[in-house]
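**Q** Starting off with a structure, shown below.
The values are calculated or read from the model by the stated rules, or taken from the named source; none is laboratory data. Source: prediction; values computed, not measured. With ideal geometry, Cβ positions are generated from the backbone for all residues, glycine too; neighbour counts draw on all protein chains shown. Just so you know, the surface numbers come from the protein's heavy atoms only, side chains and all, with ligands and any DNA or RNA stripped out. Shrake-Rupley method; radii C 1.70, N 1.55, O 1.52, S 1.80 Å.
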Amino acid sequence: MIDRKSRDILAENFRHLITGQITNDEFEDRLIKSNDAGVSEVFYNGAWPLYDDLHEHKLTGKWAIAAEGKPIAARYILFLKSDLEYEWPRKTGIKELPWAFLGLFTLGLSTVIRYRIKTRGEKGEKSVWPFYRRSDYEKALERPPYLTGK
């Protein structure tokens with residue numbers, strides 16, 4: 001299920017976050033809850049790791065995203081602006097909580113083992129995540145949303 005409103009809100013605010021226009025707290029305050037897997041996965045696995053949620057800051061200065069990270073963030077935004085379903089296995093949500101605790105108790109060893117087992121059969125192209133197929137990513141690149149007014 002695609003939640004267009006939530007995807008658009010996350011995409012726009014993610015843009016503002018990575019360009020240093022808003023703080024991490026402002027970014028989180030502007031988000032809305034959604035059942036769209038693409039929204040939660042891009043937030044938790046794409047946006048959230050970019051900042052320190054223990055204090056408020058912008059992604060500028062020492063917190064700025066490295067130049068090589070900007071095209072990756074742009075790919076996440078491009079996915080959010082697409083009408084493609086999120087096809088990867090979910091890695092967030094309440095069912096992942098026990099695994100997070102187990103990872104703490106095993107100093108991350110269980111997380112590494114579980115990741116290897118869980119991703120063994122995945123057929124998607126990891127280099128274009130959150131897109132599942134390179135062809136979908138390349139097609140989306142043909143119509144960049146912020147240059148076409150979408």
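**Q** Please note which helices (runs of 4 or more DSSP H) are completely contained in region 1-78 and include at least 1 residues that are closer than 23 Å to ARG133 by Cα and out of contact with any strand residue (DSSP E or B) (no Cβ under 9 Å at 6 or more places or on another chain). Steps first, please.
**A** Working: elements: 4-18, 24-30, 37-42.
In region 1-78, 4-18, 37-42 are the helices (runs of 4 or more DSSP H) which contain 1 or more residues that are closer than 23 Å to ARG133 by Cα and out of contact with any strand residue (DSSP E or B) (no Cβ under 9 Å at 6 or more places or on another chain).
**Q** If you scan region 87-99, which residues turn out to be open to solvent by 30 Å² or more (accessible area, probe 1.4 Å) and either modelled with pLDDT of 90 or more or not in a helix (DSSP H, G or I) (or both)?
**A** The answer is GLU87, PRO89, ARG90, LYS91, GLY93.
**Q** Name the one entry in GLU142, GLU138 that is modelled with pLDDT of 95 or more and exposed (fewer than 12 other Cβ atoms within 10 Å of the Cβ).
**A** Checking each option against the conditions leaves just GLU138.
**Q** Taking the options GLY69, GLY20, GLY46, GLY38, name whichever one is on the phi > 0 side of the Ramachandran plot and small (Gly, Ala, Ser). Give the derivation first.
**A** On the way: GLY69 fails: on the phi > 0 side of the Ramachandran plot; GLY46 fails: on the phi > 0 side of the Ramachandran plot; GLY38 fails: on the phi > 0 side of the Ramachandran plot.
Every option except GLY20 fails the conditions.
**Q** Identify the single condition in (1) within 21 Å of PRO144 (Cβ to Cβ); (2) surrounded by 14 or more Cβ atoms within 10 Å (Cβ to Cβ); (3) modelled with pLDDT of 95 or more that ARG4 does not satisfy, given that it satisfies every other one.
**A** All conditions are met except number (2).
**Q** Here is a list: LEU50, LEU10, LEU59. Which entry is at pLDDT 95 or above, surrounded by 15 or more Cβ atoms within 10 Å (Cβ to Cβ), of a type outside the set (D, E, K, R) and within 25 Å of LEU84 (Cα to Cα)?
**A** On inspection, the qualifying residue turns out to be LEU10.
**Q** Only residues that are in contact (Cβ under 8 Å) with a residue 24 or more places away in the chain and closer than 16 Å to ARG143 by Cα: list them for region 57-85, please.
**A** Within region 57-85, ARG75, TYR76, ILE77, LEU78, PHE79, LEU80, LYS81, SER82, ASP83, LEU84 qualify.
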